[in-house]
Amino acid sequence: MSNLLFDEPGPRARRRIRLATVAGVLVLLALLALAVRQFAANGQLAAERWQPYATWPMWRYLLGGLWSTALAAVVSAALAMAAGIALALGRLSRRRAVRLPSAAYVEAVRTIPALLLVYLVLFALPRYGLDLPLFWKLVAPLAVSNAALFAEVFRAGIMSVERGQGEAALALGLTHGQSMRLVVLPQAARRVLPSIVSQSVGLLKDTSLGFVVSYAELLYSGKVLANYNGLLIQTYIVVALVYLVVNASLSALARSLDRSVAGRGGARRRKITRVPR
Amino acid sequence: MSALLDHLPEFWQGLVVTLQMTVASFAGAAVVGLVIVAMRVGPVPVLRAVATVYVETLQNLPLLVLLVLAVFGLPEIGLKAGLTTTAVVVIALYEGAYIAEALRSGVNAISSGQGEAARALGLTFGQSLRHVVLPQALRTVVQPIGNIFIALTMNTSLAAAVGVVELTAAANRVNLLEAQPIPIFVGAGLAYAAIAACAGFVTGRLERRLAVAR
């Protein structure tokens with residue numbers, strides 16, 4: 001952790017830290033009390049309003065939604081990764097005719113909201129006679145938008161492999177394609193693994209757009225459930241907690257992968273900051 | 001094409017709402033991010049823990065879930081606010097976590113001699129943060145913050161899913177009237193691309209102007 005801004009605290013600093021701790025805890029408790037009061041005052045704490053979420057049928061329904069979320073996320077991640085590798089290689093190609101379109105795709109898609117793509121698939125394509133099944137109405141726009149993000153991750157990974165590796169492969173008589181496939185890509189793949197996992201958290205978050213498509217993933221299942229039993233805030237809190245558990249585990253996996261990749265040495269790491277989505 | 005031109009007022013209205021939401025929530029997110037990062041690099045363990053939990057929670061929740069929870073859930077416990085206001089607050093809280101992380105990586109990039117020198121001069125924690133660390137940290141994170149700004153602009157479109165009529169929702173409404181999806185959605189996409197291009201231009205200029213020769 002950063003100890004940039006303070007030394008080992010002396011007596012006065014310790015007193016100040018204690019004071020700040022007490023103040024912080026008091027503010028937290030006050031916020032908590034306020035929340036509980038709001039819940040209680042509006043009768044939302046009543047046991048029968050939370051009871052349903054201690055029963056199996058409710059969870060079976062929500063877990064069904066989670067399964068659909070996972071399915072959509074895995075399929076769109078697979079498609080986006082395949083396209084992402086192609087785009088990354090295209091962007092690093094020696095031919096302008098390949099390089100420019102790949103770069104244009106990545107830059108253009110980065111500046112279009114995923115929801116706009118979803119609306120396009122939802123309302124525009126049917127007019128031109130292409131009415132996809134519900135699943136693909138969610139997966140197709142997600143794959144299109146995430147391909148650009150994965151492309152940038154792969155490109156950074158390929159560029160992080162030392163030039164000498166590719167040059168040595170060429171000197172050994174491998175063709176350009178062979179050196180990419182046999183020497184550079186395997187090393188790049190290992191380095192980008194942590195970023196891939198944390199991108200996948202973003203993609204999993206994007207699948208909540210199923211809410212708009214009315215594809216029965218986790219959030220939409222929550223909506224259906226809330227409309228059915230009228231427990232709005234309870235249902236959405238439970239849904240949020242499920243997302244939190246799944247994504248936090250994936251993020252923890254990304255961090256531990258990151259450490260083990262760094263521990264293997266040699267990998268020059270650039271700190272990447274995550275971009276919200 | 002005429003579909004686009006006939007409905008320019010609606011598009012304009014949507015664009016204005018998008019821009020208002022972007023500016024308001026980015027300002028809010030900047031404040032949230034600064035507070036969180038100050039807590040996170042500070043010496044008080046409780047505040048550090050709170051800031052860490054805040055960042056982890058918000059980065060691992062989909063924005064749409066937070067928007068739905070706030071728009072449909074909070075009225076149930078008596079917290080009612082305007083639709084756009086709610087969306088702006090939620091987006092600000094959400095993006096604040098990302099800004100805090102970007103700032104923290106900027107703070108960590110500063111050499112420890114800077115902090116030590118500030119303390120040796122007798123500056124307090126707040127002073128050294130304000131006068132020494134943050135000015136340098138902010139310079140190194142202009143590009144990441146610019147990217148967050150662009151992503152935030154794209155994210156305001158999610159407010160359309162909970163009923164705010166901003167650019168995406170306006171495009172959708174016009175399309176329902178005119179049924180000419182290609183020009184309408186491409187027009188909206190171009191508007192977003194223009195905002196992103198402006199943001200990219202500004203961050204590029206800022207980065208060059210703020211760069212310190214070391």
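From Cα coordinates alone, what are the radius of gyration and Dmax values for chain B in angstrom?
Considering chain B through its Cα atoms, Rg and Dmax are 20.2, 68 Å.
Determine the calculated [θ] at 222 nm for chain A from helices alone, applying -39500 (n - 2.57) to every DSSP H run no shorter than 4 residues and normalising by the residue count; nearest 500 deg cm²/dmol.
So the calculated ellipticity at 222 nm is -24000 deg cm²/dmol.
May I ask you to list the GluC sites (Glu not before Pro) in the range A:116-173 that are in a DSSP loop and have at most 14 other Cβ atoms within 10 Å of their Cβ?
A:GLU162
Quick test of the membrane-span-like rule: which DSSP H helices of chain A reach at least 27 Å along their long axis (C-alpha atoms) with mean Kyte hydropathy at least -0.5?
TM-like helix candidates: A:11-41, A:56-91, A:134-160, A:185-206, A:232-263.
If we sort A:114-124, A:31-41, B:125-135 on the protection proxy, mean other Cβ atoms within 10 Å, highest first, what's the order?
In decreasing order of mean packing, A:114-124, A:31-41, B:125-135 become A:114-124, B:125-135, A:31-41.
If you line up the long axis of helix B:45-59 against the longest principal axis of chain B, both from Cα atoms, how many degrees apart are they, to the nearest 10?
Result, in degrees: 30.
For a quick size check, give me the Cα extents of the range A:60-263 along its three principal axes, largest first, whole Å.
69, 47, 23
If each DSSP helix of 4+ residues adds -39,500 (n - 2.57) and the sum is divided by the residues in chain B, what number results at 222 nm, nearest 500 deg cm²/dmol?
Rounded to the nearest 500, the figure is -24500 deg cm²/dmol.
As a test of the definition: which semi-axes, in Å, follow for the protein assembly as shown when you take the square root of five times each eigenvalue of its alpha carbon gyration tensor? Largest first, please.
Working from the Cα gyration tensor, I get semi-axes of 35, 34, 23 Å.
Using the beta-carbon distance between B:THR57 and A:ARG14 and R0 = 25 Å, what value does 1/(1 + (r/R0)^6) give for FRET efficiency, to the nearest 0.05?
For B:THR57 and A:ARG14, the calculated efficiency is 0.25.
Here, each number is a calculation from the coordinates, and none is a lab measurement. Note that the structure is a prediction, hence the values are computed from the model and not measured. Note that each Cβ is placed from the backbone with ideal geometry, even for glycine, and that neighbours are counted across all protein chains shown.
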